[in-house]
Amino acid sequence: MMRIVCLERDSIKATFRPPRIEHEWVDLAITPQAEVVTQLAGAQVAVVNKLRLGAGEIAALPDLRMVAISATGTDNVDLAACKARGIVVSNVRGYAVNTVPEHAILLMLALRRRLLDYVADVRAGKWTTSATFCLFDHPVGDLHGATLGVVGRGGLGTGVARLAEAFGMRVLFAEHKGAATVREGYTAFETVVREADVISLHCPLNDATRGLFGAAEFAAMKRSAILVNTSRGGLADEQALADALRAGEIAGAAFDVLSKEPPREGNPLLAPDIPNLIVTPHMAWASAEAMQALADQVVDNIEAFAAGNPRNRVA
């Protein structure tokens, strides 16, 4: 019988159907990082979302045979350690191809149209005392005719591009930062940074992309440009971004992700004095439809592993 332990059940508001194999499924609502090894003792399959499974944890779990990641990102699992042990690691893919692009476009619209500023003005009573029929306190820009730079050309990046084109945006896909050559259909990273009115991040977090956007990139962007990140918080230098927004180097930013989540120890992007910044609590992926598709894929991955034909393998 296969013992399956889901370490972060409360992070997925969907139903896991019972796998069609002999199994024991253990749900743990929330697991502290320090208890990962204890809770996975004797388990053949670990279902994880954001908890870290590093080389130390892997070494302490001799029965572990599969890691089923209930997300697309794999930066929380030591893939090399798993591969060395012959542990199969599978992720989920394509479940958020509608919900994340919709959220990214929502953030772009909110920033370009200064939505939160105008809502705050109305609530503060400014409209009721206005001498004219409307307020013009914050400059508004359209998406139509603007240039969108997309960093990452997977399902989410292409999904954002598809919606952006429907709004009439010009879309540029960024080549890898520092690449010696530019592939067909891509634009040099530095050119995208300089020309884009909106930049949207949709790439994985790894050694090559950590800190992808920092002080140099913010200084090179248009002062009217905005940065949207619905991917991973570590892609941007958060202090540099806060400084750039305060200094007016760029016009705005919207992040659904932070470098540490939840941000219990504080974060530069949570300061109350940063202008034209929107932070949402890592929920771009979390439509009911997307979460159910994710849960279904997790079980599909476990069943495929049990049948000897692993799918969606990353290690």
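Here are the numbers for the structure shown:
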| item | result |
| --- | --- |
| In region 292-315, the residues that are touching a Pro at 6+ places or on another chain (Cβ under 8 Å) and either in a loop (DSSP other than H, G, I, E, B) or not polar (S, T, N, Q) (or both) | Val299, Ile302, Glu303, Ala304, Ala306 |
| Residue within region 281-291 that is in contact (Cβ under 8 Å) with a residue 24 or more places away in the chain, in a helix (DSSP H, G or I) and surrounded by 14 or more Cβ atoms within 10 Å (Cβ to Cβ) present | yes |
| Selection within region 3-24 - within 25 Å of the chain's Cα centre (by Cα) and of a type outside the set (A, V, I, L, M, F, W, C) | Glu8, Arg9, Asp10, Ser11, Lys13, Thr15 |
| Flag for Arg114 being at positive phi, in contact (Cβ under 8 Å) with a residue 60 or more places away in the chain and not polar (S, T, N, Q) | yes |
| In region 84-109, residue surrounded by the most Cβ atoms within 10 Å (Cβ to Cβ) [restricted to those that are more than 30 Å from Asp197 (Cα to Cα) and among the hydrophobic types (A, V, I, L, M, F, W, C)] | Val89 |
| Tally, over region 7-35, of residues that are in contact (Cβ under 8 Å) with a residue 24 or more places away in the chain and assigned to a helix (DSSP H, G or I) | 1 |
| Helices (runs of 4 or more DSSP H) contained in region 178-269 and holding at least 3 residues crowded, with 21+ Cβ neighbours inside 10 Å | 238-247 |
| Residue within region 146-166 that is β-branched (Val, Ile, Thr), touching a Lys or Arg at 6+ places or on another chain (Cβ under 7 Å) and surrounded by fewer than 21 Cβ atoms within 10 Å (Cβ to Cβ) present | yes |
| Qualifying residue in region 215-223 (condition: in contact with a Lys or Arg (Cβ under 7 Å, 6 or more places away or on another chain) and more than 16 Å from Ala251 (Cα to Cα)) | no |
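Values quoted throughout were computed directly from the atomic coordinates according to the rules given, and no laboratory measurement underlies them. Fair warning: this is a prediction, and the values are worked out from it, not measured in the lab. Cβ coordinates were reconstructed from backbone atoms using ideal geometry, including for glycine residues, and neighbour counts include every protein chain displayed.
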